[in-house]
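Read the structure below first, then the notes.
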Amino acid sequence: MTRQEVTALLAVLRAAYPRFYSGMTRAELEGIVSLWADLFANDDAATVMAAAKALIATDTKGYPPHIGALKEQVRKLAAPDGMTAMEAWRLVKSAAEDGYYNAEARFAALPELCRRLVGSPAQLRRWALMDADTVDSVIGSNFQRSYQAAVKGEHELTMLPPDVRRLVEGARKE
């Protein structure tokens, strides 16, 4: 978003929440525009505006949305809820059931996040040899917990400004 687009967004928020923005000095408003322009620099203006309107329309507390809430709403609009942990586990379990002879092919067919959590085709092969009840209960529970944590981490990463995201991603590689 450009500064001009952020100014238009903040004008909408100011119209919806006039008391919150009353009494702000020009310098304070400039600071807000600068911060929001920086944090929404890589976001599509139309999507951010739609997200803001959605939050305004569903607000029951009377406070304008903060940056984090708006970022989360933008994420939801841009990528509606993906696969649940249970759906991901079903894919992995199915791959494991066929994993003794076809581990490489079944591993390669899994979504990237599932592959990352499973680790390797050899892990599918090991699960194929285990008792089905153990795989369903213990392995399934652990996988789903790990999946939920990984999805949450990815969502939080996508909400970060690009410069901060690069720092985090660089630290992860080290």
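Summary of computed values
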{"item": "Net charge over other residues, Cβ less than 13 angstrom from the Cβ of Ala150 (K, R count +1; D, E count -1)", "result": "+2"}
{"item": "Hull shadow area, averaged, the chain [alpha-carbon convex hull, nm²]", "result": "12.9"}
{"item": "Length-normalised contact order of region 82-157 in % [C-alpha pairs under 8 Å, at least 6 apart]", "result": "37"}
{"item": "Glu104 versus Met86: modelled label distance in nm, points set 7 Å from Cα along the beta carbon direction", "result": "3.6"}
{"item": "Residue (of Ala51, Thr2, Leu29) at the positive-pole extreme of region 2-112, dipole from beta-carbon charges", "result": "Leu29"}
{"item": "Solvent exposure ordering (accessible area, 1.4 Å, most first) of His66, His155", "result": "His66, His155"}
{"item": "Rel. contact order, % - alpha carbon contacts under 8 angstrom, at least six apart, the chain", "result": "21"}
{"item": "Ala57 paired with Thr25, simple spin-label distance in nm, labels 7 Å along Cα-to-beta-carbon", "result": "3.8"}
{"item": "Acute angle (nearest 10 degrees) that the helix 85-97 long axis makes with the longest principal axis of the chain, alpha-carbon atoms", "result": "20"}
{"item": "Accessible area of Ile139 in the full protein assembly, 1.4 Å probe (Å², nearest 10)", "result": "30"}
{"item": "The chain - percent of accessible surface contributed by carbon and sulfur, probe 1.4 Å", "result": "56"}
{"item": "Rounded accessible area per residue of the chain, 1.4 Å, Å²", "result": "61"}
{"item": "Relative contact order (percent, whole number), region 1-75, Cα cutoff 8 Å, 6+ residue spacing", "result": "41"}
{"item": "Cα-derived Rg to Rh of region 124-172, Kirkwood definition", "result": "1.25"}
{"item": "Nearest 10 degrees, 0 to 90: helix 140-159 Cα axis against the chain principal axis", "result": "30"}
{"item": "Degrees, to the nearest 10: 45-58 long Cα axis against longest axis of the chain", "result": "90"}
{"item": "Accessible-area ranking of Leu113, Leu70, largest first, probe 1.4 Å", "result": "Leu113, Leu70"}
{"item": "Debye-sum result for region 8-78 in log10 I(q)/I(0), which assumes one identical scatterer on each alpha carbon, at q = 0.15, 0.20, 0.28 Å⁻¹", "result": "-0.47, -0.85, -1.48"}
{"item": "Simple spin-label estimate for Glu156 and Ala11 in nanometres, 7 Å along Cα-Cβ", "result": "3.7"}
{"item": "9 Å beta-carbon shell around Trp127, net charge (K/R +1, D/E -1)", "result": "+2"}
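The values are calculated or read from the model by the stated rules, or taken from the named source; none is laboratory data. What you see is a predicted model; the values in this text were computed from it and never measured. Every residue, glycine among them, receives a Cβ derived from its backbone with ideal geometry; neighbour counts consider all protein chains shown. Keep in mind that these areas ignore ligands, DNA and RNA; they rest on the heavy atoms of the full protein, side chains included. Shrake-Rupley method; radii C 1.70, N 1.55, O 1.52, S 1.80 Å.
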